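Here is the structure we will look at.
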Amino acid sequence: MSFVVAIDGPAAAGKGTLSRLIAKRYGFHHLDTGLTYRAAAKALIDAGLPLDDEAVAEKTARQVDLSGLDSAVLSAHAIGEAASKIAVMPAVRRALVEAQRAFALKEPGTVLDGRDIGTVVCPDAAVKLYVTASPEVRAKRRYDEIVTGGGTADYTTIFEDVKKRDTRDMGRADSPLRPAEDAHLLDTSEMSIEAAFQAAKTLIDVALNKTI
Ligand code: DC
């Protein structure tokens, strides 16, 4: 059986960076599940299809190829907004969760990050982390990321956006964002990514020793 590390949390909490570090350290495959929702949303937009037709969105979601997810293209703000709209549709979630579960079987292990990995996609994951940070800190990180990348950004707009995204992700009826009961909470508001990684590593090493 594959060793699964499930990482959930709100947007810009540091899940992505932490997941990549863990995958690299342990030689595990990594899937940013947000990209699967983004890829389905982008495919709909590119085809000129509506974002509010569940049957059409499901069909598109079933065609998403997990091996061709381009994070640079999919990170666009408009795609994130569209993704969060189709992510409330149960049929879209079922289609993408199926693909994510198949990915989670890869040997020797996988790291999946998203909103519902520990609760729905991989409830039997060996290690579950819930990574969070205050909305202010997350908005500041997003802002710095954009400015460092040479772009222009408005902090207040990003902050409002982070809160809006949280409300949508936590408030939806199907698979709302919440920590699994057995998830370890990592609040990165005042924690460096290195410290978060060390905390995660300690938990993973304990779980790995148990499975040997
Ligand atoms: O993490 P992200 O910004 O790339 O996610 C895009 C949208 O997809 C976000 O609004 C929530 C949704 N999502 C989800 O519902 N479940 C996941 N496992 C991952 C993302």
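The values are calculated or read from the model by the stated rules, or taken from the named source; none is laboratory data. Here the structure is a predicted model, which means the values were calculated and not measured. Virtual Cβ from ideal backbone geometry, glycine too; neighbours counted across all protein chains shown. Note: areas computed on protein heavy atoms with side chains; ligands, DNA, RNA excluded. Shrake-Rupley method; radii C 1.70, N 1.55, O 1.52, S 1.80 Å.
Figure legend. Inter-residue proximity from region 29-40: first residues in contact (Cβ under 8 Å) with a residue 60 or more places away in the chain and open to solvent by 50 Å² or more (accessible area, probe 1.4 Å), second residues among the hydrophobic types (A, V, I, L, M, F, W, C) and not in a helix (DSSP H, G or I), beta-carbon distance below 7 Å, spacing 6+ or different chains. Indicated pairs: His30/Val111.
Pairs linking a residue in region 195-212 that is more than 17 Å from Asp124 (Cα to Cα) to a residue that is in a loop (DSSP other than H, G, I, E, B) and modelled with pLDDT under 95, with Cβ atoms under 9 Å and 6 or more positions apart or on different chains, are Ala195/Thr188; Ala196/Gly14; Ala196/Thr188; Ala199/Met191. Evaluate region 14-25: report whether one residue or more is part of a loop (DSSP other than H, G, I, E, B) and away from the ligand (no atom under 16 Å from the Cβ). No.
Has region 73-88 got at least one residue that is acidic (Asp, Glu), near the ligand (Cβ under 9 Å from one of its atoms) and farther than 24 Å from Met191 by Cβ? Checked region 73-88: at least one residue is acidic (Asp, Glu), near the ligand (Cβ under 9 Å from one of its atoms) and farther than 24 Å from Met191 by Cβ.
Pull up region 26-39, narrow it to residues that are outside any helix (DSSP H, G or I) and hydrophobic (A, V, I, L, M, F, W, C), then point me to the one that is farthest from the ligand (Cβ to nearest atom). Out of the qualifying residues, it is Phe28. Can you confirm whether Glu145 is closer than 26 Å to Tyr26 by Cβ and surrounded by fewer than 18 Cβ atoms within 10 Å (Cβ to Cβ)? It is true that Glu145 is closer than 26 Å to Tyr26 by Cβ and surrounded by fewer than 18 Cβ atoms within 10 Å (Cβ to Cβ).
How many of the residues in region 190-212 are farther than 14 Å from Tyr26 by Cβ, in contact with a strand residue (DSSP E or B) (Cβ under 8 Å, 6 or more places away or on another chain) and of a type in the set (Ser, Thr, Tyr)? Total meeting the criteria: 0. Checked against (1) open to solvent by less than 40 Å² (accessible area, probe 1.4 Å); (2) away from the ligand (no atom under 13 Å from the Cβ); (3) under 21 Å from Ala40 (Cβ atoms), Gly109 meets all criteria but (3). Annotation: of all residues in region 148-177 being over 20 Å from Ser134 (Cβ atoms) and hydroxyl-bearing (Ser, Thr, Tyr), the one that is surrounded by the most Cβ atoms within 10 Å (Cβ to Cβ) is Ser175. Of the residues that make up region 3-11, is at least one in a loop (DSSP other than H, G, I, E, B) and among the aromatic types (Phe, Trp, Tyr)? Within region 3-11, not a single residue is in a loop (DSSP other than H, G, I, E, B) and among the aromatic types (Phe, Trp, Tyr).
Taking region 178-202 as the range and being under 20 Å from the mean Cα position of the chain (by Cα), under 13 Å from Lys128 (Cα atoms) and open to solvent by 50 Å² or more (accessible area, probe 1.4 Å) as the test, the residues that pass are Arg178, Pro179, Glu181, Asp182, His184, Leu185. So Glu194 ticks every box in (1) within 16 Å of the ligand (Cβ to nearest atom); (2) in a helix (DSSP H, G or I) but one. Which box is left unticked? Exception for Glu194: condition (1). Would you check if Leu129 is at pLDDT 95 or above and either hydrophobic (A, V, I, L, M, F, W, C) or more than 26 Å from Ala72 (Cα to Cα) (or both)? Yes.
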